[in-house]
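Working notes, beginning with the structure itself.
The values are calculated or read from the model by the stated rules, or taken from the named source; none is laboratory data. Small disclaimer: the values here were computed from a predicted structure and weren't measured. Note that we place each Cβ from the backbone using ideal geometry, even for glycine, and neighbour counts take in every protein chain shown. The protein model used for the area step is the full one, side chains on, heavy atoms only, and it has no ligands, DNA or RNA in it. Shrake-Rupley method; radii C 1.70, N 1.55, O 1.52, S 1.80 Å.
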Amino acid sequence: MVFDNPLVPYVRFPAEMPPLPIRRPDDPGEPTYVVRAAISREGAAGVILTGQTQTGEAVRIAVSMVAPGVARILLETGDPAPGRVTLAHLPETPPPVTVARQPGGVTLTGADLRVEIALDPFHIAFYGADGRTLLSQEYNDRDVTDRLTGLPFGFSVVDGRRVAFHDTFTAEPDEHFYGFGEKFTEFDKRGQRLAMWNYDAFGVHSERAYKNVPFFLSTRLYGLFVDSVTPIRFDMAASSHSVFSVIVPDAALDYYVISGPDLKTIITCYAGLVSLPILPPKWAFGLWMSSGFKADSADDVLRRARELRAREVPCDVLHLDCYWQRFGCWSDMVWDTAMFPDPEGLIRQLRQDGYRVCLWMNPYLGIQSERFAEAEAKGYLLKRRDGRAWVGDLWSGSHPPVGIIDMTNPEAVAWFKELLRPHLRMGVDIFKTDFGEGVPADVVAHNGMSGETLHNLYPLLYNDAVAEVTAEETGHAGLVWGRSTYAGGQRHAAQWGGDPDCTYPALASTLRGGLSLGLCGHAFWSHDIGGFHKQPTPDLYVRWAQFGLFSPLARAHGMTTRLPWDYGEQAEAIFRRYVALRYRLLPYIYSYAAQAAETSLPLVRPLVLEFPDDPLTYALDLQYCFGAELMVAPITNREGRRPVYFPAGRWVDFWTHEVIAGPATRTVEAPLEILPLYVRANALIPTVEPALSLSDEPFPVVTFDAYLLEAGAFDLRDTDGLTRLAAAFDGNRLNVTLHSPKAAVLLRVLPLAGAPQVEAVTVNGQALARAERVAAAPGAAPCWARGADGVALCLLQNRL
């Protein structure tokens with residue numbers, strides 16, 4: 001977590017995390033922890049234990065298997081606390097579990113996970129399907145004065161009040177930790193202290209984050225999810241290199257240990273507890289172009305729209321930021337008619353021109369708005385303890401004070417949704433749900449919840465309301481473009497990475513945040529191309545665009561223009577080239593998006609996710625896999641020079657088709673127009689001719705680019721179903737299998753060093769006729785041809 005930084009000017013955030021007590025030198029207290037337990041009840045899924053602390057207090061401990069490979073540990077000091085917020089959705093039927101008692105303990109055995117509980121002295125350890133220790137509680141980490149360096153399984157009392165539950169585990173010497181939300185610090189979180197408290201982070205340069213998720217993965221093949229919305233603290237072998245601890249200031253300690261054969265399985269199991277992502281519509285994967293956080297008008301919007309088309313820059317979404325509303329009234333959802341005199345006509349024209357429309361909003365109401373007075377009078381705002389509406393500065397001085405809509409009040413939520421509904425009926429497609437991190441700890445909600453409890457929950461409630469009304473009016477799943485979230489927030493596709501500075505270090509930190517969030521199951525993530533704060537240089541704009549256009553979703557946004565032609569002819573040409581490349585790769589991107597909706601696996605993947613057995617990937621956070629077949633190494637400096645690590649296997653340079661054998665590290669020189677981009681050998685990459693805008697119709701003729709050395713396959717997901725294509729060399733004959741709802745697809749086999757030259761092709765066991773050239777026109781007969789450049793092009797149909 002962030003510590004006071006000596007001499008640096010203080011930055012005040014009105015919703016700071018409530019502090020936990022720090023024991024004074026004269027405080028003899030120590031944590032209260034469980035030392036022994038007895039079985040009080042045995043059930044089909046686990047056991048209930050009565051525990052005893054070293055001070056003689058009785059506690060209740062429930063240990064159960066809730067899903068295959070998932071164990072739940074619950075510690076309470078009495079009866080279950082009414083109103084405690086939990087986010088996990090448990091299956092109605094528990095998985096098969098074997099409960100075996102033995103002298104001094106009890107063992108729970110399920111699929112992929114075994115939990116061993118020693119009763120006296122008390123201890124819990126978790127083991128994988130292969131018998132290897134995954135995770136073990138630690139009670140004995142002490143310094144030379146015999147002082148506990150961690151906080152064992154129990155709770156702490158200060159000045160007669162229980163302030164938090166906690167647990168401590170062994171941190172194995174070779175163990176690495178990932179996740180915790182969109183943390184902008186080093187990707188491997190070992191050695192860090194991390195706070196689960198959503199902040200307006202004012203950038204991407206510290207541990208403070210807009211999106212906190214109390215879930216992490218370990219290279220020892222387990223995940224741990226702490227089910228609480230309170231400000232949880234994790235000490236990941238920072239205070240002691242031997243242990244990690246979790247501190248939970250809630251009414252109970254409630255966590256899940258998730259085991260699986262690989263990290264991908266663990267992510268999917270975790271998502272099964274909290275939420276899977278929704279699949280955005282196809283157009284969401286096109287380019288989003290923002291007005292920017294600056295004055296705007298209807299004429300300016302139409303000018304941008306026409307210029308994008310005239311300059312042949314593919315684009316699907318035009319985003320209107322804050323200034324579509326009246327300054328001082330943000331965000332009452334009322335058009336500034338001085339600058340936008342005919343909103344309906346504007347939206348209608350944009351839709352006719354092939355654009356979707358996104359409007360900015362937040363859950364606050366400026367005090368100058370008429371709707372603030374209405375909401376205050378009706379009790380729709382969060383309140384101070386004295387019953388008055390809370391009003392404060394959540395804009396760091398750049399906007400008048402605001403109140404916060406109370407998302408725990410059903411009437412307030414209904415009223416809030418009606419503010420959005422007319423815009424959706426006008427033709428708006430999506431809202432950018434900005435802010436949401438600003439609930440102060442000392443406010444009181446309609447349902448009696450404290451601000452401390454509501455703070456992290458609020459972005460989920462806020463985005464739920466916006467997603468619901470969007471789905472009601474548009475007929476598609478409730479897509480939002482959110483800044484803040486918490487565990488389970490992947491159901492609100494999508495989120496973007498806040499407000500980075502326009503610098504190369506901020507580009508790198510943005511990537512680190514996206515990799516960390518992705519490992520928490522948030523697949524549909526994006527960021528501001530060019531950075532947000534101030535104006536990027538032309539080279540930074542280009543480099544950020546290259547990274548951004550190889551992200552799950554792509555939006556250009558900032559405090560100043562992000563239109564490519566405002567950065568010079570070279571930048572515009574490169575930007576257009578990479579937008580066209582993104583649109584060409586949309587069948588590939590959409591396929592992984594569809595997979596993400598089923599598995600919660602990210603599209604932007606740290607190399608450790610794809611190569612978990614390679615220790616050299618454990619700390620790599622400046623290159624990533626985009627899907628499983630592409631590897632991207634963004635340039636994060638002005639020099640255009642960087643090291644690139646190639647994991648085991650063979651890789652093909654996307655631009656030159658050079659075959660590179662891994663494992664190896666190369667120093668790459670990349671001129672401004674080149675993004676270091678590599679394809680796994682044997683990949684089949686589906687592509688399509690780029691258009692200026694998208695629809696949800698099935699992709700037209702899809703061409704699979706084959707980087708084939710021996711054999712490869714790909715499952716193409718599309719709105720018309722699943723296409724399965726596989727290709728393998730048998731000497732100089734290429735054997736292809738195809739199962740597809742499409743009338744035809746193309747296979748383009750690239751000539752690579754070491755690959756056979758195609759002399760014959762079979763499809764589903766039947767010979768494919770060779771021709772002088774291949775025409776992809778409707779009704780054309782299936783055939784194949786090899787060009788002078790060595791490329792073999794095959795027109796394939798399910799039936800020859």
>> Could you work out [θ]222 nm for the chain from helices alone, using -39500 (n - 2.57) per DSSP H run of at least four and dividing by all its residues? Round to the nearest 500 deg cm²/dmol.
In response: -6000 deg cm²/dmol
> Near K534, which aspartates and glutamates are there with a Cα under 14 Å away, not counting those fewer than 8 places off in the same chain?
Replying inline: D499, D501
> Which net charge results for the neighbourhood of T55, defined as the other residues with beta-carbon distances under 14 angstrom from its beta-carbon, given Lys and Arg at +1 and Asp and Glu at -1?
Replying inline: 0
> For the stretch 1-134, what is the relative contact order in percent, using Cα pairs closer than 8 Å and at least 6 residues apart in sequence?
Replying inline: 16 percent
> Stretch D120-T656 to full length: gain in nm at 0.36 nm per residue minus the Cα-Cα span?
Replying inline: 186.5 nm
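Provide the per residue accessible area, probe 1.4 Å, for the stretch 569-696, rounded to a whole number of square angstrom.
Working: 4510 Å² over 128 residues.
Per residue, the stretch 569-696 has 35 Å² of solvent-accessible surface.
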> Where does helix 410-426 land angle-wise versus the long Cα axis of the chain, in degrees 0 to 90, nearest 10?
Replying inline: 10 degrees
> Taking only C-alpha pairs under 8 Å that are 6+ residues apart, what is the relative contact order of the chain in percent?
Replying inline: 10 percent
> If you place +1 on the Cβ of every Lys and Arg, -1 on the Cβ of every Asp and Glu, and leave all else neutral, what size is the dipole of the chain about its Cα centre, to the nearest 20 Debye?
Replying inline: 1040 debye
>> Can you classify the chain as rounded, prolate or oblate using the Cα gyration tensor, where a ≥ b ≥ c are the square roots of its eigenvalues, rounded means a/c under 1.5, and otherwise it's prolate if a/b beats b/c and oblate if not?
In response: oblate
> Dipole of the stretch 466-575 (Lys/Arg Cβ +1, Asp/Glu Cβ -1, origin at the Cα centre): which of S551, P505, H476 lies farthest to the positive side?
Replying inline: P505
> Using a probe of 1.4 angstrom, how much of the accessible area of the chain is carbon and sulfur, in percent?
Replying inline: 52 percent
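Need one word for the stretch 656-800: rounded, prolate or oblate. Basis is the Cα gyration tensor (sqrt eigenvalues a ≥ b ≥ c); a/c below 1.5 gives rounded, then a/b vs b/c decides.
It comes out oblate by the Cα gyration axes.
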>> Can you compute the FRET efficiency between D159 and A295 using 1/(1 + (r/R0)^6), with r the Cβ-Cβ distance and R0 = 56 Å? Round to the nearest 0.05.
In response: 0.60
> By how many degrees, between 0 and 90 and to the nearest 10, does the Cα long axis of helix 569-584 differ from the longest principal axis of the chain?
Replying inline: 80 degrees
> For a paramagnetic label modelled at 7 Å from the Cα of F202 toward its Cβ, which residues of the stretch 416-455 fall within the zone defined by backbone nitrogen distances under 16 Å?
Replying inline: 437-438
> Got a sec? Charge dipole of the chain, +1 on Cβ for Lys and Arg, -1 for Asp and Glu; which of A487, C794, A45 is way out at the positive end?
Replying inline: C794
>> Could you tell me which residue out of W288, V229, H205 lies farthest along the dipole of the chain toward its positive end? Charges go on the beta carbon: Lys and Arg +1, Asp and Glu -1, centred on the Cα centre.
In response: W288
>> Could you tell me the calculated FRET efficiency between R385 and T86, based on Cβ-Cβ distance and R0 = 25 angstrom, to the nearest 0.05?
In response: 0.45
>> Take E57 and T93, extend 7 Å from each Cα along the Cα→Cβ direction, and tell me the distance between the two endpoints in nm.
In response: 4.1 nm
>> Can you pull out the trypsin sites (Lys or Arg not before Pro) in the stretch 720-774 whose DSSP state is coil and whose Cβ has at most 14 other Cβ atoms within 10 Å?
In response: R773
>> How big is the dipole moment of the stretch 192-350 about its Cα centre under a simple scheme where the beta carbon of each Lys and Arg is +1, that of each Asp and Glu is -1, and everything else is neutral? Debye, nearest 20, please.
In response: 440 debye
>> For the pair L616/W565, report the inter-label distance in nm, with labels modelled 7 Å from Cα in the Cβ direction.
In response: 4.6 nm
> For the stretch 39-185, rounded, prolate or oblate, judged on the Cα gyration tensor with a ≥ b ≥ c (square roots of eigenvalues), a/c < 1.5 rounded, else prolate if a/b > b/c?
Replying inline: rounded
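What dipole magnitude, in Debye to the nearest 20, does the stretch 30-114 give about its Cα centre under +1 on Lys/Arg Cβ and -1 on Asp/Glu Cβ?
160 debye
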> How much length, in nm to one decimal, is gained on full extension between A726 and A788, taken as 0.36 nm per residue of separation minus their Cα-Cα distance?
Replying inline: 19.8 nm
>> Going by Cα centres, the stretch 626-695 and the stretch 699-768 are how many Å apart?
In response: 21 Å
